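First comes the structure, then the notes that go with it.
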Amino acid sequence: MYSIELFPTSVRNSAVGLVRQAGVLGGVVAPMLVALGRERSYWSFGVFGLAVGCLGLFVTCLPETKGRRLSDTMEDEEEAAVVFDSDDGDLLD
């Protein structure tokens, strides 16, 4: 998964910066949770298990970007979004 594919050009730098900062924050917090887990194991197992479970559910909501061109503006991204028709369950472009 490349996070750069999810954002249009107009906001790509800011969005990728936020994704990178989330990764850095996770890298800082993870060793602290492991150290805390040595005293009380439910902390590390609980937090890591909750994170993996939530992220697993979140990944199912991400759009498929294979074969799509990268959008230049937010308007292009909104036009390219797939709309779900709740009446008959068909996907419309």
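No lab work stands behind these numbers, since they all come straight from the coordinates. What you see is a predicted model; the values in this text were computed from it and never measured. Cβ coordinates were reconstructed from backbone atoms using ideal geometry, including for glycine residues, and neighbour counts include every protein chain displayed.
Starting from the Cα of GLU79, step 7 Å along the direction of its Cβ; do the same at VAL11; then give the gap between the two resulting points in nm.
1.8 nm
Can you give the local net charge around VAL11? Use residues other than it whose beta-carbon is closer than 15 angstrom to its beta-carbon, Lys and Arg +1, Asp and Glu -1. Walk me through the intermediate numbers first.
Working: positive: ARG12, ARG20; negative: GLU5, ASP72, GLU75, ASP76, GLU77, GLU78.
After counting each charged neighbour, the total is -4.
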